[in-house]
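Read-outs: derived from the displayed coordinates by stated rules, not from any lab. These numbers were taken from a predicted model, which means no experiment stands behind them. Cβ sites come from the backbone with ideal geometry, for glycine too, and all protein chains shown count toward neighbours.
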């Protein structure tokens with residue numbers, strides 16, 4: 001499947017900033033289920049971009065901007081060919097040991113309620129893969145998708161307590177419970193080509209991967225109750241959202257800021273057929 005991405009992130013500041021530094025994780029790597037046809041990351045103004053790689057094997061761009069700037073804009077344009085591997089990740093660059101992903105983080109730590117729920121869901125299941133699929137089904141059923149209930153700082157425990165959240169929250173909950181089961185798990189940021197044909201999206205997608213002996217890393221998307229298919233484009237990964245966030249950084253000056261994101265995820269071949 002061909003997936004096309006047009007992604008613009010704009011920061012508008014109340015007053016001009018003097019400088020800004022950001023780490024961008026916006027560029028996917030190829031693996032056994034995705035081939036990158038073309039990809040470009042650009043920034044407007046007096047901005048420098050330097051390519052690199054982080055500790056988890058994600059491709060990064062370091063953005064350095066010199067002010068005065070009242071608007072900082074980053075644009076991503078690219079295409080990738082994807083295939084369905086049943087959720088099993090093959091051919092990916094791995095920099096961190098698997099056991100790295102057993103460590104709790106502040107965003108994923110499983111509290112008493114999460115542990116009790118997890119134990120109740122998987123108590124009759126012995127095999128890790130069965131446990132993970134039971135967990136996937138239960139979280140998709142029991143945690144309501146709600147874009148107004150949480151923000152980027154919401155922990156897995158808080159989202160679970162309220163039984164609602166977005167894909168980021170569901171991924172954090174799944175990761176925390178997987179680690180409670182002693183199964184290494186990690187956060188994945190990327191894009192999802194929607195089945196309903198909606199192209200304009202409010203934000204990138206997120207899901208989880210868990211390490212299963214004999215299979216390796218397997219993807220699980222509790223927001224949609226499934227394993228990743230050819231409709232998924234994997235961009236970055238880490239122990240939690242903070243390590244895989246598309247954009248993170250700091251600035252000097254500017255006062256308050258307003259963020260505007262425009263994201264189009266499409267299949268150009270589907271669009272061509274629709275226009276015929």
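Quote the FRET efficiency, to the nearest 0.05, computed for residue 44 versus residue 84 with a Förster distance R0 of 41 Å and r equal to the Cβ-Cβ distance.
Details: r = 37 Å, r/R0 = 0.90.
So the FRET efficiency works out to roughly 0.65.
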MRE, 222 nm, helices only [DSSP H, n ≥ 4, -39500 (n - 2.57), over the chain, to nearest 500]: -6000 deg cm²/dmol
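So what is the relative contact order of the range 2-275, in percent, for Cα pairs below 8 Å that sit 6 or more residues apart?
Values: 641 pairs, mean separation 82.0, N = 274.
Answer for the range 2-275 is 30 percent.
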Mean separation of Cα pairs under 8 Å and 6+ residues apart, divided by the residue count of the range 1-69: what relative contact order is that in percent? 41 percent
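In which sequence would 126, 167, 226 go, from the one with the fewest C-beta neighbours within 10 Å to the one with the most? Provide the component values of the computation, followed by the final result.
Values: 126 8, 167 21, 226 17.
Fewest to most other Cβ atoms nearby, the residues stand as 126, 226, 167.
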log₁₀ I(q)/I(0) of the range 140-276 at q = 0.17, 0.19, 0.21 Å⁻¹, via Debye over equal Cα point scatterers, no solvent, to two decimals? -0.99, -1.16, -1.33
For the Cα atoms of the chain, what angle does the longest principal axis make with the long axis of helix 128-142, in degrees from 0 to 90, nearest 10? 70 degrees
Give the angle, between 0 and 90 degrees and rounded to the nearest 10, that separates the Cα long axis of helix 167-180 from the longest principal axis of the Cα atoms of the chain. 40 degrees
Calculate how large, on average over all directions, the projected area of the Cα convex hull of the chain is; give the answer in nm² to one decimal. 14.9 nm²
How do 230-240, 171-181 rank on mean C-beta neighbours within 10 Å, highest first? 171-181, 230-240
If 266, 77 are placed from fewest to most neighbouring beta carbons inside 10 Å, the sequence is 77, 266
Using alpha carbons only, how many degrees (0 to 90, rounded to 10) separate the axis of helix 112-122 from the longest principal axis of the chain? 60 degrees
